[in-house]
Structure formats: structure tokens, C-alpha cells
Amino acid sequence: RDSFANLMVLAIYLKEFLDDDELTVLNAYIKKMNKKFIQPDAFNNVDKGFYAMGNGGIPNLIYAHWSDNKNLAAKEFNFRFMQINKLFYEDGYINNNSFRGYRGLWYHSYGLNSALGYVYLANLWGAKVPEKILFKLTQASRILNLGISDYEKYASRKYDGEQNNNKYKKKHARMHTHQEAIAIDTLMEMVTGIILEYDAI
């Protein structure tokens, strides 16, 4: 799903340079791949964790852009804002992500980056981002900074949900910002106004 979404981004950049025959072939391919890889779980109502590509929301938006489907985009924004609101807690921690043992901060930054990127795209589409979402992402940005500056305090927050993927031993720790949280510093500042703490790792 996510690999195909990245291919669609390339297709969008190429679209204006394609002749009618090329566009017909590519459009048929994209429709088929969307049906096979994106749509089956495009609106899964998950109960824990926010991860890559906005939990499937960004591939939906890319396809909506390719196909100029504003109804799909509107449905996607409404659904994903509901998901972010459910999975991001009032204090800024993220259900599942923030509580994965010695990799909690790593996964927190990964999920936060994904949500920030999603909201940035929502702004580009002209969608109204709920104040509640902006508040929670601001809190989550502050919690990331807490984890960078005081990991012990960050990790002291108890989690009462079911967690079966936090068995990482200290020797496998990743107590830093995720290396694939691309441009998280820029996104944090643009979306929330929070400056990312210096993270040497």
C-alpha cells in the first residue's frame, strides 16, 4: 500500500507530460492497484497505534488527488481526524506508540510525524482541522521534547491498554527520535509552533 502510494506521487508529477494513450494505461493501472492495495483497509477503525502514512490516510489522499475525487478526500479527512482524536491522548502520549518499552519514544516520534504530515496535507487541501486535533498534536510534540530531554520522566507514564509489542530489551533500545520521522522538526514548528529539542542521535 505505502510503496504504491509513493509510486502514485511520481505519477502525479509525470501526469502533465503523458500523452492520451500513456495516461489511459497508467490510469487503468492506478485504479486497479488502488482497488487491490489501498481500498481494502482504507477506513479500518483501529483501536491502537498511529503509524506510517497516516495509518493509510495519506494513500487515500494521494489517490483522491490523482482521480480528482473531492468526496473521497472529504470522507478521508472526517475519518482520519476521528482516528487521531481517538488514538492521541489529552496529555500528548499516543495509544500504543508511546508505550513500546525501550522503543516507546522512537515509535512516538514516528506516529507524531505521520500525524503532523497528515495535518499539513489537510491544510493544503483547505480542510478544516479541528482545534482538538491541533491541541493533541501540540501536546504530543511537547511529550517528544520531554522524551529527548528527560527520558526517565517520559517513560514514567503508565499505560492501561493492552500491550504485547513492548518486550524490547535495553540492549535493543532506541531512545531517540525515529530516523524515518522525516522533517519532524519542520512539521512540528509549522503545525504546532513547537521547536524540536536537539536530539544528538
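The values are calculated or read from the model by the stated rules, or taken from the named source; none is laboratory data. Please read these numbers as outputs of a predicted model, since none were measured by experiment. Methodologically, a virtual Cβ is constructed for each residue, glycine included, from the backbone with ideal geometry; neighbour enumeration extends over all protein chains shown. Areas reflect the complete protein model, heavy atoms only, side chains present, ligands, DNA and RNA absent. Shrake-Rupley method; radii C 1.70, N 1.55, O 1.52, S 1.80 Å.
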Matching residues in the range 150-201 - criterion: being open to solvent by less than 70 Å² (accessible area, probe 1.4 Å), of a type in the set (S, T, N, Q) and closer than 14 Å to W106 by Cα: N165, N166, T177
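Every residue, every condition in (1) open to solvent by 80 Å² or more (accessible area, probe 1.4 Å); (2) more than 17 Å from I133 (Cβ to Cβ), yes or no:
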site: E16; (1), (2): yes, yes
site: V25; (1), (2): yes, yes
site: K35; (1), (2): yes, yes
site: P40; (1), (2): yes, yes
site: F81; (1), (2): no, no
site: L87; (1), (2): no, no
site: L105; (1), (2): no, yes
site: Y110; (1), (2): no, yes
The range 154-197, subset part of a loop (DSSP other than H, G, I, E, B) and more than 22 Å from the chain's Cα centre (by Cα), residue farthest from G101 (Cα to Cα): D160
L116 being open to solvent by 10 Å² or more (accessible area, probe 1.4 Å) and either free of Cβ contacts under 8 Å to residues at least 40 places away in the same chain or under 16 Å from the mean Cα position of the chain (by Cα) (or both): no
Criterion (in contact with a strand residue (DSSP E or B) (Cβ under 9 Å, 6 or more places away or on another chain) and either among the hydrophobic types (A, V, I, L, M, F, W, C) or outside any loop (DSSP other than H, G, I, E, B) (or both)) met by exactly one of F43, F50, F4, F79: F50
Conditions (1) in contact with a helix residue (DSSP H, G or I) (Cβ under 9 Å, 6 or more places away or on another chain); (2) of a type in the set (S, T, N, Q); (3) surrounded by fewer than 18 Cβ atoms within 10 Å (Cβ to Cβ); (4) not in a loop (DSSP other than H, G, I, E, B); number of the one not met by S98: (3)
Subset of the range 91-138 (residues that are closer than 18 Å to N55 by Cα and among the charged types (D, E, K, R)): R100, K136
Failed condition for V129, given (1) open to solvent by less than 60 Å² (accessible area, probe 1.4 Å); (2) within 28 Å of L61 (Cβ to Cβ); (3) part of a helix (DSSP H, G or I): (3)
Selection within the range 48-79 - buried (at least 18 other Cβ atoms within 10 Å of the Cβ) and touching an Asp or Glu at 6+ places or on another chain (Cβ under 7 Å): M53, G56, G57, P59, N60, L61, A64
Hits in the range 8-40 - residues which are in contact with a helix residue (DSSP H, G or I) (Cβ under 8 Å, 6 or more places away or on another chain) and outside any helix (DSSP H, G or I): L18
